[in-house]
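Before any comments, here is the structure.
Read the figures in this text as sums done on the coordinates, not as results from a lab. Here the structure is a predicted model, which means the values were calculated and not measured. Here Cβ is always computed from backbone atoms with ideal geometry, including for glycine, and neighbour counts include all displayed protein chains.
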Amino acid sequence: MADVKFLLTGDTSLTVEFGNEISEQINARIRAFGIALEESKIPGIIETVPTYRSITVHYDPGVIRYDQLVKQLQGLLGRLDSIKIPPSTVLEIPVLYGGEMGPDLDFVAEHNGLSKEEVIRIHTSTEYLIYMLGFTPGFTYLGGMDEKIATPRLKTPRVKIPAGSVGIAGSQTGVYPIDSPGGWQLIGRTPVRMYDADRETPILPEAGQYIKFYAIDQKEFDKIAAQEAAGTFVCKRHPRKEAGKK
């Protein structure tokens, strides 16, 4: 565990860094560490925030001091190999690609020498790991996108991107959960509310889950949008089949 670093990030927080790259292996260690930390019941911990390659721990210095906390966190590292990470679920997200909903689909296709249909097929063929949430409430940072559809960000970001927009930036893809500025290439939009402050669980996706996009037409988009407005639409979820398992 010599590669794990403990970094002071403020008067009431520290970051445990597990590596310097985006990988499912590092993400698995972060998830295992989060479980070990929750099970440890270390007093004074307020919140934990996982990222691509680290986890930030917010704590109350009136309950536990920095040096004490680091010592206890170091003690958890030896337990990670024995932690059983719960099976991941796949969240199915419908997307209307192209047109007004995806104004940059043509550019993504042209940039990669593909047809629009090929871009859609590639984008919907992957189960994307949700590494973390951030930027805005429920914004998904997804891993695993095929490099065949990788496309640079916009040179000039848009001032307002509609909630539900699905975009590509470099080798990443994600969903804008609320209206916000942004510089990603927009290829489609989902009628699903990824964030709803009035919902019992405001943020729909969870770090550690996977997202699988599937293409819909305008009629289906309107139908789901109406169901969302009525609070009756439920995204399909299913257990993820692990590699090598039938």
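In table form, for the structure just shown:
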read-out	value
The stretch 40-175: projected area of the alpha-carbon convex hull, averaged over directions, in nm²	11.4 nm²
The chain, helix-only ellipticity at 222 nm - DSSP H runs n ≥ 4, -39,500 (n - 2.57), divided by all residues, nearest 500	-7000 deg cm²/dmol
Whichever lysines have a C-alpha closer than 18 Å to that of K5, once near sequence neighbours (fewer than 8 apart) are set aside	K71
T89-Q25 pseudo-label distance in nm [points 7 Å out on the Cα-to-Cβ vector]	3.0 nm
Using θ = phi - 60° and Karplus 6.51 cos²θ - 1.76 cosθ + 1.60, couplings along the stretch 121-135 (whole Hz; Gly, Pro as x)	4, 5, 5, 8, 9, 10, 9, 9, 6, 7, 6, 6, 10, x, 6
Point-charge dipole on Cβ atoms (K/R +1, D/E -1) for the chain, about Cα centre, debye to 20	440 debye
Theoretical FRET efficiency, 1/(1+(r/R0)^6), r = Cβ-Cβ of S40 and E110, R0 35 Å, to 0.05	0.10
Cα gyration tensor shape for the stretch 153-246, rounded if a/c is under 1.5, else prolate or oblate	oblate
GluC sites (Glu not before Pro) restricted to DSSP loop in the stretch 161-246 with at most 10 other C-beta within 10 Å	E200, E242
Cα-based shape type of the stretch 130-185, given that a ≥ b ≥ c are square roots of the gyration tensor eigenvalues and the cut on a/c is 1.5	oblate
Label corresponding to Rg/Rh (Cα atoms, Kirkwood Rh) when calculated from the structure given, among (i) 1.01; (ii) 0.97; (iii) 0.93	(i)
Shape call, the stretch 1-42: gyration tensor on alpha carbons, a/c limit 1.5	oblate
Ranked packing of 147-154, 60-67, most packed first, by mean Cβ within 10 Å	147-154, 60-67
Size of electric dipole in the stretch 74-210: Cβ of Lys, Arg +1 and of Asp, Glu -1, about Cα centre, debye, nearest 20	300 debye
Net charge of neighbours whose Cβ lies under 15 Å from the Cβ of P177, counting Lys and Arg as +1 and Asp and Glu as -1	-1
Potential extension, S125-V159 segment - 0.36 nm per residue separation minus Cα distance	9.2 nm
